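For reference, the structure discussed in these notes is given below.
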């Protein structure tokens, strides 16, 4: 696979983003959804900010308060034995080990704009900020599907009651309609196909299951993009391979002559995140035609290997022009990068089922 | 609360049910959905059967095979250290402790019919049997919602990829239409309201979450009963109370002057299952008006306390005639019982929010 990583990589780093409050610092500008709008490429960045702590014994956790419409800042002492601070992303309650109690940062969506796809200017203000009771811990990993002149922006909505997928829509990136939670918890990595297929909308989704099952990819259908059903299991983990630990949709699926091409992420149990591809039937995307035996991209560059959470390449969106796919991707849960790949080479690399 | 438990209780036991195969034994006839059809009360029993093992060192696990349309019988030795057999309901893989690998029984739906609601005759054949790839471990805990002359029957569909809620419909309990999985995994305890409310169908559901959140009740809306969205968190666990460990919908919600009354189950962390009630706004059932401080019924009778999984009362359906609710309920994951309660007394017992 020939991969052209941009010389400018990482194209956006936390240092490029002004925090939205003086008492916060930006620790991530990553996992961006991608849209083309009025001749520009828009990256809908997941910006993660945390309250600055001047005392190393104090960890602060930001929580959006729907009543006051302000953030509450929870302060916890690192020697508080009720909590486990070992994962830098979350604070766990020791008595409920598998779940988290707080996040250490608040994520929201902010736009970066570019005419050439290489050099971006970042908006001063958030584009979509937590505002709902199901978003009090933040909104993460947005994806964007354009259908006609409407952009559907959907993201993980995180709150103490669970992680689900919520959606807003806009025609101008100024006025937004909130559509509520379209996939209930535990769910993330939703990807809505950009057109109806045989009269139905389709979406990939990634339930996180507890009673049985693994973090794998499912597909659902809809009449109106808001209500989803006919859930089917689409693709599972593969023991001993690069996607043996978890997997989920990445970029919005795009059409090729051979089928719908989905660039998805897979990780091993030790959290090394790579990108691969799934080829889905043009007329029935619940059928997998072919799949990557090996990653189409793995963490290799320094900025992919090192960061807030290293060894991660994680795409939430791509721009496809002819045979070239410009895959924008988050690196190390920290920054954004871009790489160009050949659609034909990706198709040729797949193993047919 | 005055509770009239039927003298015939338990009204149906495993001994009343002929196994569907000679080499199987019935271990449960419980958690039945309830329908009124042609002057009879139908209990859509969850029948659980297990392959008879003549060797105490061998545990057999039945798995439906969609290719052969037969059951495969997996045999495991109880001294196989890869597995944990301590929970009689499931076989766990020791390396993946929180999830199960197999079930020890196969559940399907069978009908019991009665003219008086006390004395039931059980059909010889299964009514709904696993037939789909998402049902290979069985189908559990059916509920029935009648809308017009159509009966919607929905149940937990269990397979290695997860537990979700699937649905079939029928007008005559003979010919069924399969509608696929309406709530993706992890989900169970779905209850569809029997009419549209302000132009939308509503359903309660119970996600089982892993990353954060608890086993609590949510509500979703739909245009067509097949596709669901606008998920909202409805009611949560209450520390130190009878519903501190887990909760989920029970009987199909029914209308009273005060609001929609939902008889739900709550359990403590040590798995004592009681029934209580939620009162929901007539025009917007996502609003909780009132709730039981104390259970309306708790395991007390011998048949409720002892069985395959004791200390469980678990209703999946009720018949309401005027002020009397005949609550049919599973006992100890083993048998069926029925108790009559006063709607007015339930309403009077609730604590308003």
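Using the structure shown, decide if residue A:218 is buried (at least 22 other Cβ atoms within 10 Å of the Cβ), facing another protein chain (nearest Cβ under 7 Å) and in contact (Cβ under 8 Å) with a residue 24 or more places away in the chain. So residue A:218 fails the test. Counted as qualifying within the stretch B:112-214 are no strands (runs of 3 or more DSSP E), as none has 2 or more residues that are surrounded by fewer than 24 Cβ atoms within 10 Å (Cβ to Cβ), modelled with pLDDT of 95 or more and out of contact with any strand residue (DSSP E or B) (no Cβ under 8 Å at 6 or more places or on another chain).
Evaluate the following for residue B:226: is it within 12 Å of another protein chain (Cβ to nearest Cβ), closer than 27 Å to residue B:304 by Cα and either in a loop (DSSP other than H, G, I, E, B) or at pLDDT below 95 (or both)?
When the stated conditions are applied, residue B:226 does not pass them.
What number of residues in the stretch B:178-215 are within 17 Å of the chain's Cα centre (by Cα), over 14 Å from residue B:147 (Cβ atoms) and more than 8 Å from chain A (Cβ to nearest Cβ)? Here the count works out to 6.
Check whether at least one residue in the stretch B:250-266 is over 27 Å from residue B:35 (Cβ atoms) and out of contact with any helix residue (DSSP H, G or I) (no Cβ under 6 Å at 6 or more places or on another chain), and report yes or no.
The initial filter retains those residues of the stretch B:250-266 that are over 27 Å from residue B:35 (Cβ atoms), namely none.
No - not one qualifying residue is present in the stretch B:250-266.
Considering the conditions (1) in a strand (DSSP E or B); (2) within 25 Å of residue B:154 (Cα to Cα), residue B:285 is excluded by exactly one of them, (1).
Let's see how each residue does on (1) surrounded by fewer than 17 Cβ atoms within 10 Å (Cβ to Cβ); (2) more than 17 Å from the chain's Cα centre (by Cα); (3) at pLDDT 95 or above:
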position: A:262; (1), (2), (3): no, no, yes
position: A:269; (1), (2), (3): yes, yes, no
position: A:288; (1), (2), (3): no, yes, yes
position: A:292; (1), (2), (3): no, yes, yes
position: A:308; (1), (2), (3): no, no, no
position: A:316; (1), (2), (3): no, no, yes
position: A:343; (1), (2), (3): no, yes, yes
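In the stretch B:233-255, the qualifying residues are those that are more than 7 Å from chain A (Cβ to nearest Cβ) and outside any loop (DSSP other than H, G, I, E, B), and the one that is nearest to residue A:211 (Cα to Cα) is B:246.
The values are calculated or read from the model by the stated rules, or taken from the named source; none is laboratory data. These numbers were taken from a predicted model, which means no experiment stands behind them. Positions of Cβ are generated from backbone atoms using ideal geometry, with glycine treated the same way; all protein chains shown enter the neighbour counts.
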